[in-house]
Structure formats: structure tokens, C-alpha cells
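Please treat every number below as a calculation from the coordinates, not as lab data. Fair warning: this is a prediction, and the values are worked out from it, not measured in the lab. Every residue, glycine among them, receives a Cβ derived from its backbone with ideal geometry; neighbour counts consider all protein chains shown.
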Amino acid sequence: MLDKTGIAKRIAKEVQDGYYVNLGIGIPTLVANYVRNDIEVEFQSENGVLGMGPFPFEGEEDADVINAGKQTITTLPGASFFDSAMSFSMIRGQHVDLTILGAMEVAENGDIANWKIPGKMVKGMGGAMDLVASAENIIVAMMHTNKRGESKLLKRCSLPLTGVGCVKKIVTNMAVLEVTENGFKLLERAPDVSVETIKEATEGNLIIEGEIPKMHI
Amino acid sequence: MINKKVNNISEALKGIKNNMTLMLGGFGFSGIPENAIAELVTLGVSGLTCISNNAGVDDFGLLLQQKQIKKMVSSYVGENDEFGRQMLSGELEVELIPQGTLAERCRAAQAGFPAVYTPAGYGTEVAQGKETREFNGKMYVLEHAFKADFSFVKAWKGDEAGNLIFKGTARNFNPNMCGAAKITVAEVEELVSLGTLDPNQIHIPGIFVQRIFQGDTYEKRIEQRTVRVKD
């Protein structure tokens, strides 16, 4: 089974030359570390920066240069700053090519829940609802099951939704899956995970066609 | 030149009353109108409705501590325990809305649009009770422009004409809130003399700003200090 780094490495393979990419907090943030260095990619952060670079060296932090996770960052040559309305114009207007974000639940119809658990302190959706409602290309990075071992790939989401019918692809610690009209189509499995194990860990309809290849990481 | 400069902070906040609706710029601690917030705390006005992306953290969101806020309209309030406590106990009304919707409802107010259609939140609880409509096969939610009494924004540099230039990601919601309320109060790190700012570089023209002043101090806190080590 993959760890978080493994998931990030597999998703990094989906990032193509010339892409503008928005990375969510958590596993998605790690993806930036594993993108091939022979391609040109720009990372957008919805608080208002395009062309995000790595964290600053100690002593060079600038309170006025942060990412959406409120972390201090740097910018790369060619970077730009802009206001929040313009930032979401990039997202809503589908100028950002790829959105990678985490989820608590994904349903076989592409619905996603990742912002609220009833009865628990609600932090808010931030930019997640704008991102999932707008992006043409959304990849969800998450564990296949929750801490209690229950499937996070469901027939229907049980938690309040972030967006409807929007997820296209999911990369978990067990598998790569595509959301199709008929449910989750299994594309690849983690090197040491059997199709049987993935079946047991998936509540939603799982489509298995032919031999399922192992992931290359 | 129409002079927007006010002499002090109390002049900048003149007319603030209980139960008003305020817009406050900033994302996390980046680009928040620190001096205006401090003065609101000093004035002790209460029953406020605050439109602001975040709600500060415990020891910084003083307006919350003093229970001056009746309602918050935000997209993310995660880092504030007092906020959570007041929200769960029902002392504080909270309207959580998508971040892009928040920005666009400000911009709509600034630009004279009564409402805008956005795909964000369609099919979720955010869209409950709101008009929806299909355009080109996709569903959208009608979101109304904000109506606010005061807008408090923070810029890097400004001049007496009210022209503003922002710095880095401290820009965020600040430009979108300029001119989106009846009165826009801009505080700047540096109020420069007229003619110093290059007109080509102005982010917000002074027409959107009614009052401008230079803030006394800026703490500029960092919420998540992340660094890398030199090889």
C-alpha cells in the first residue's frame, strides 16, 4: 500500500507540460516535490499568487508572501500577485488546468464531500467549492478508507457535499480510479495490493475490466 | 486632486455605529487592516456584521473576544477557538460561503452588479433557498452583492488622492472591497506625497477610496512559518 508520499508521486505523473495547477492542503501540497523537472508547470494559490516557489530560507520569510495554507513561501521568476476576485476568475473561468485536492468522501457519481462533519467544529469551505464546481480536471488525493477502515469511495456521500458530479479521477493508497457514468473504473493498483483488496475497500460500484496493471511510481 | 487624507484614526472611523455591516480585507494575517481593527476594539462598537475571509486567531481577533460581532460572513474560520465556542453556543451567527463567492459579492458591490451567477456551491447546502439557473448545460447559483456601511482595507503604499498599491499576497480581498461599501477607509504602510506613485502602477484608483491614513505600526504576524534549510 502507498503512503502519502507515494500517492503524491503517482499524481505528479498526471501533471503535464504547460499546466497551471492548484494544489490543495495536505497530500496535494506534496505533489509539487515530485513533478518532473524537464517540464514547465506553474502553481497557483487561490489567495493570490501564480508561480509559487519553495519555502523561503530561514530568516527570509515575508509575512506578505504566503500560500492558501497561510505558509510562508517564495515566488519563482515569472510569478505574479493578484486580488481574490481575479484569482477565482482563473479558477472559475477554467484557466487553471488541474486541481488536486483531498476529500473525506467521493461518490460513484463524482460527488465530493471534504468540508464539514455535522456535530464537529466547522472550519469552512475556503476555496474548495469554487475549485470543484469549476475545474475541468479534478484529481482527488486521499486514503482509500477512513481511520475506522470504512470505504471513502461510496455509492452516495453521507457528509454535506462540497460539489456535485465533479470528480474525474481518484488516486488512493490502493488504486487509481476514474469516475465513469457507471461508477469507479479501476485503472491501476498499488504494487502490493490485490484487486480483491480494492474490491473489499470500495463501497461504490467498482468496474474491473481485464488485467489491472500495477502503478508505476 | 481630491484629498482623501484624514488626520488621525478617529477621523478615519468617524460615523461608525453599533449594528453596522463592515467589510475587512485580509487573508489570514496577510493584509489585514490592523489599525482600523484596533480602533474598532477601542471604540467598543457592537452588534457588528463583519464580512471577512477569516476571523483571526484567538489572541488577535479581539473584536470576537469582546463580543462586538453579531455575525461573521467568512469562507474559513479554522484557526480561532473562541470563534468556534461562540458559534457552537449560538452567541455568534456565522454564514460560511465559498471564497470565490465572497470575493465576487464584494466585486459585484464595487462594480454595480446586483447579483452574479456562480457554479460554486450548486447542489450543496450553500445553495439552499437561492435561485439557480442553467446556462449552457451547467447549473449556477445566484449570489447577491454585499451591502456594507464601511469597508476597511490595507495597502502597502498610497497617496492623498486615495490611490493604492498593494504588496504580495497581502493584496487578496482588499482591492475587491474598495468602493464596495458606502465608505471605504484605506490604511497604508506608507502614505507618499502626491505625484510619487507612477499612475501606471496604481492597483486601485482613488475614486474607490473615501478616507486614507498611514497606520502607526504593522505587526504583520506570520501564521505558519515554513522554511527550508540551506544545503
Gyration tensor over alpha-carbon atoms, the protein assembly as shown, equivalent ellipsoid semi-axes in Å: 41, 24, 19
5 Å binning of all Cα-Cα separations within the stretch B:104-205, expressed as whole percents from 0 upward: 2, 13, 18, 17, 15, 12, 9, 7, 4, 2, 0
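Going down the table (B:K14/B:K67; A:K9/B:K230; A:K155/B:K71; A:K70/B:K138; B:K70/B:K157), which pairs top 29 Å between alpha carbons?
Pairs exceeding 29 Å: A:K155/B:K71; A:K70/B:K138; B:K70/B:K157.
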Relative contact order of the stretch A:7-94, pairs being alpha-carbon contacts under 8 Å that are 6 or more residues apart, as %: 25 percent
What is the spin-label model distance, in nm, from A:V195 to B:N8 if the labels are put 7 Å beyond Cα along the C-beta direction? 7.9 nm
Taking the stretch B:36-100, which trypsin sites (Lys or Arg not before Pro) meet the DSSP loop condition and have no more than 11 other C-beta atoms within 10 Å? none
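Quick check on packing: order A:5-18, B:211-224, A:199-212 by the mean number of other C-beta atoms within 10 Å, highest mean leading.
Final packing ranking: A:5-18, B:211-224, A:199-212.
If I take every Cα pair under 8 Å that is 6 or more residues apart in the stretch A:4-207, average their sequence separation and divide by the length, what percent do I get for the relative contact order?
Answer for the stretch A:4-207 is 18 percent.
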Round to a whole angstrom and tell me the spacing of the C-alpha centers of the stretch B:162-189 and the stretch A:13-58. 28 Å
Kirkwood Rh and Cα Rg combined as Rg over Rh, evaluated for the stretch A:1-156: 0.96
What value, in deg cm²/dmol to 500, does the helix sum -39500 (n - 2.57) over DSSP H runs of n ≥ 4 give at 222 nm once divided by the residues of chain A? -4000 deg cm²/dmol
Chain B: relative contact order as a whole-number percent, Cα under 8 Å and 6+ apart: 24 percent
Compute for chain B: radius of gyration divided by Kirkwood radius, i.e. Rg/Rh, restricted to C-alpha atoms, rounded to two decimals. 0.99
Check: chain A dipole with +1 on Lys, Arg Cβ and -1 on Asp, Glu Cβ, in debye: 800 debye
